[in-house]
Amino acid sequence: MFDIAIQASGITKWFGEGEAKTVAVSDASFEARYGEMLYLVGPSGSGKTTLLSIISGILKPDAGNVLVDGSNLWNMTPNQLADFRLNRMGFVFQDYHLFSRLTTVENIAIPLILKKVNWDLAIKTALGYLEVVGLKDKANLPPVKLSGGEQQRVAIARAMVSQPDILVLDEPTASLDGETGREIVQFVKSHTLNEKRCIIIVTHDNRILEFADAIMHMEDGKITGTQRTVNEK
Amino acid sequence: MPGLLKIAFKLLINDKGKFAALLVGITFAVFLMVMMMSMFSGILARSSAAVLNVGAKVWVMDPAVNNVNSSIPLPDTVLDMARSINGVKYAVPVYFGGALVKLRSGSYQAVSVIGLDDATLYGRPALIEGKIEDIFAENAFLVVKDAEFKKLENPKIGNEFEINDHRGKIVGIAKVQATGIFGVPTLYTTYSRAITYIPSSRFTTSFVLIEPKNEMDIPYIQLQIHKLGYEALTRDQFINKISDFYKYQTGLGINVMLMTIISFIVGLSISGQTFYTFVLENLEKFGALKAMGAKGSELVSMILFQVTFTSLMGYGLGVGLATMMMLFARFRLPDYAAQVTYTNLAFALGMVLIIAAFSSYISVRKVLQIEPFDIFRG
Ligand SMILES: Nc1ncnc2c1ncn2[C@@H]1O[C@H](COP(=O)(O)OP(=O)(O)OP(=O)(O)O)[C@@H](O)[C@H]1O
Ligand SMILES: [Mg+2]
């Protein structure tokens, strides 16, 4: 048996008005399971980021439901959604969005600080994660002094620091060379995945497909198929 | 300090260029506002110097008078009537006028002359040197030792001079509370000598000074004087009247007000603009925070904290700078008239808070509008 982390059904999202109205996600239903690394792949513009935002409580769908551990995400108030994202989710954005005016370690501490963890403890914990991603000596540098791959690792450490149940990564390897990309994905998988966690990665990078437990294909807003390689019992 | 505010603080001060620009904008605006208002306050305070120095409780004057130095002479009947009002302990005339003194060096110096009632010397100054009775001696004058004293070539007791072609002799050196605005030395003499030495019109009394029996008699006295067609003002009322005259009926007040408004607008636009760009530059980051689970109210508190911190710091720097400037100016120029009043400080603070509120408003609006989805999409 497996536990379902996210159950999405009939998700539909439109953009634009009138003539320009287009459907970005159309009647998408799928599940993401604890213990698996789920890939969302498909051509550019197929609606991957849109779907990812909807299931993480960032973008409201026009139709459909998202159940996380049985509770309906889109029935929540904005503040409840914020709390949900803060307490349950970890995000790695495609272009990192690190604060250039803060040090690397302070950047990593942000989710803890949002959770009102006291400053010194937050920094100490962040330092631990910085060590995990192998950048302890860069703790007091601003992120701009780091290479692209190092910044990506900082962004990942930031997503991991609050120990989220669901880790969401949008194109985490887009700006990395093949080898670094593979290393990073492998690293994320080995350091965060367990039977109580779930990782969802949006990508069109074939070089990292080998780490997937499940691959979900999208085209023109529709989910065209899902293959599960591992964990299918 | 809550961690989020610490983050806000670091975001602010680590952006040294913008932080400096913000501080400079607010400091500059506060500096200008405080300087302008303080100079004006200084001028106002000095414009009433004679009222303070003479110190009478009630001043009787023609209603058209709005300045000690341009009094309208009162007929002698006013004095007599004033003496007959119930509640008046005594009423005396005082003379204010100007004269020309010819100094020993041969040069001329304008002076202002105050003639005190011969019988009571009501309104006399405190003496540093000499005896007050000597004011009744022949040609006797007291000279006030203030910032203008040296314009009379630092006279000593016994020095003689020429005043409007009469002989004058210094018999005492006085000190007064406040220095006047017009930059001329002040001489005291008796009323009778003043009106004989200084050419005047048919009526010679500049003001009638009244000492009431009791503070509570003042309204009645004022009413009686009013019935005669004259005005009786308490010391504070007279000072306010003079201030209002300078504020609203001379170019001085209007210009100071304009300068203050301009400083305010300059400060408002510099800091509003800079803070807005600061927020714009960090907008994606604020959006990322929102995506990670920061609530709108938390982002607002970050911005308010940044704005408040910068504004108060700019305010402190501006006030400090203005004060230093004034101390320095006073050190170099004894006549420099500027005083920092609490009202001025409060007003400048109010203006700074308006600047802060405006900057916060435009920034908060922007931050609340961010869609975390747009950040997600990159
Ligand atoms: N805010 C928006 N306004 C209008 N159209 C939008 C908006 N966001 C997305 N779209 C449209 O929705 C569709 C799906 O976009 P989405 O970003 O989800 O694609 P994607 O699969 O993530 O693409 P990529 O691989 O390039 O990131 C696209 O056609 C896009 O133009
Ligand atoms: Mg995308």
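The values are calculated or read from the model by the stated rules, or taken from the named source; none is laboratory data. Because the structure is a prediction, the values reported are computed rather than measured. No Cβ is skipped: glycine too gets one built from the backbone with ideal geometry, and neighbour counts run over all protein chains shown. Quick note on the areas: whole protein, heavy atoms, side chains included, nothing else; ligands and nucleic acids left out. Shrake-Rupley method; radii C 1.70, N 1.55, O 1.52, S 1.80 Å.
Structural remarks
- Note on A:43-50: average number of Cβ atoms from other chains within 10 Å of each residue's Cβ is 1.
- Within the straight-line cut-off of under 25 Å between alpha carbons, the lysines reachable from B:Lys150 are B:Lys102, B:Lys131, B:Lys169, B:Lys175, sequence neighbours fewer than 8 places apart in one chain being disregarded.
- Helical contribution to [θ] at 222 nm, DSSP H n ≥ 4, -39,500 (n - 2.57), averaged over the protein assembly as shown, rounded to 500: -14500 deg cm²/dmol
- Relative contact order, whole percent, for chain B stands at 30, derived from Cα pairs under 8 Å and 6 or more residues apart.
- What the Cα convex hull of the protein assembly as shown gives, in volume per residue, is 234 Å³.
- Taking every alpha-carbon pair under 8 Å whose residues sit at least 6 apart, the range A:40-192 reaches a relative contact order of 27 percent.
- A Gaussian network model of chain B, with springs between Cα atoms under 10 Å, assigns the largest mean-square fluctuation among B:Gly229, B:Gly172, B:Gly267 to B:Gly229.
- Neighbourhood charge, 14 Å Cβ-Cβ cut-off, centred on B:Pro334 and excluding it, Lys, Arg +1 and Asp, Glu -1: +3
- Apolar share of the accessible surface for chain B: 61 percent from carbon plus sulfur atoms, 1.4 Å probe.
- Nearest-ten-degree value, helix B:3-14 long axis tilted from longest Cα axis of chain B: 70
- Using the 1.4 Å probe convention, the accessible area of the protein assembly as shown works out to 44 Å² per residue with neighbouring protein chains retained.
- Taking the C-alpha atoms only, the angle from helix B:235-248 to the longest principal axis of chain B is near 60 degrees.
- Beta bridges from DSSP with both residues in the protein assembly as shown: antiparallel share about 65 percent, rounded to the nearest 5.
- By the Cα gyration tensor, the range B:255-378 has an equivalent ellipsoid whose semi-axes, rounded to whole angstrom, run 39, 13, 11 from largest to smallest.
- Largest first and in whole Å, the equivalent-ellipsoid semi-axes of chain A read 29, 20, 18, each the square root of five times a Cα gyration tensor eigenvalue.
- Between the range B:5-26 and the range A:1-62, the alpha-carbon center distance in angstrom: 40
- DSSP-defined antiparallel bridges as percent of all bridges, the range B:119-198, nearest 5: 65
- Reduced Cα scattering model of the range B:217-283, Debye log10 I(q)/I(0), q = 0.20, 0.21, 0.23, 0.29 Å⁻¹: -0.86, -0.89, -0.94, -1.09
- Drop in accessible area of at least 10 Å² in the complex versus isolated chain, residues of the range A:170-190, 1.4 Å probe: A:Asp170
- At q = 0.08 Å⁻¹, base-10 log of I(q)/I(0) for chain B (Debye sum, equal scatterers on each alpha carbon): -0.59
- Considering only alpha-carbon pairs that sit under 8 angstrom and 6 or more positions apart, the relative contact order computed for the range B:231-378 is 42 percent.
- Relative protection proxy for B:61-72, B:106-117, from highest mean packing down: B:106-117, B:61-72 (other beta-carbon atoms within 10 angstrom).
- Highest mobility in the GNM of chain A, judged by mean-square fluctuation with C-alpha springs under 10 Å and restricted to A:Gly18, A:Gly181, A:Gly45, is found for A:Gly18.
- P(r) weight above 28 Å for the range B:75-229, C-alpha pairs, percent: 26
- Separation of alpha-carbon centers, the range B:217-278 and the range B:179-203, rounded to whole Å: 29
- Degrees between helix B:283-292 axis and first principal axis of chain B (Cα, 0 to 90, nearest 10): 60
- Whole-number D in µm² s⁻¹ for the range A:100-158, Kirkwood Cα-pair radius fed into Stokes-Einstein, 10 °C, 1.306 mPa s: 145
- Solvent-accessible area lost in complex, 40 Å² minimum, residues of the range B:1-49 relative to chain alone, 1.4 Å: B:Lys6, B:Ile7, B:Lys10, B:Leu11, B:Asn14
- The range A:100-233 - percent of accessible surface contributed by carbon and sulfur, probe 1.4 Å: 48
- Pair A:Lys196, B:Asn240: separation of 7 Å Cα→Cβ label points (nm): 7.3
- Shielding by partners, peptide B:366-378 (average Cβ within 10 angstrom, other chains): 5
- Straight-line cross-link reach from A:Lys136 at under 16 Å between alpha-carbon atoms covers these lysines, not counting any fewer than eight positions away in the same chain: A:Lys124, A:Lys145.
- Peptide A:98-110 shows a mean partner chain C-beta count of 4 within 10 Å per residue C-beta.
- Most to least accessible of A:His97, B:His166, A:His204 (protein chains only, probe 1.4 Å): A:His204, B:His166, A:His97
- For a modelled paramagnetic label at A:Thr12, 7 Å from Cα along Cα-to-Cβ, the residues of the range A:28-50 in reach, with backbone nitrogen under 12 Å, are A:28.
- Interface size B-A, as summed buried accessible area [1.4 Å probe, Å², nearest 100]: 2800
- Within straight-line cross-link reach of A:Lys222, lysines at Cα separation under 18 Å, skipping those fewer than 8 residues along the same chain: A:Lys13, A:Lys21, A:Lys48, A:Lys60
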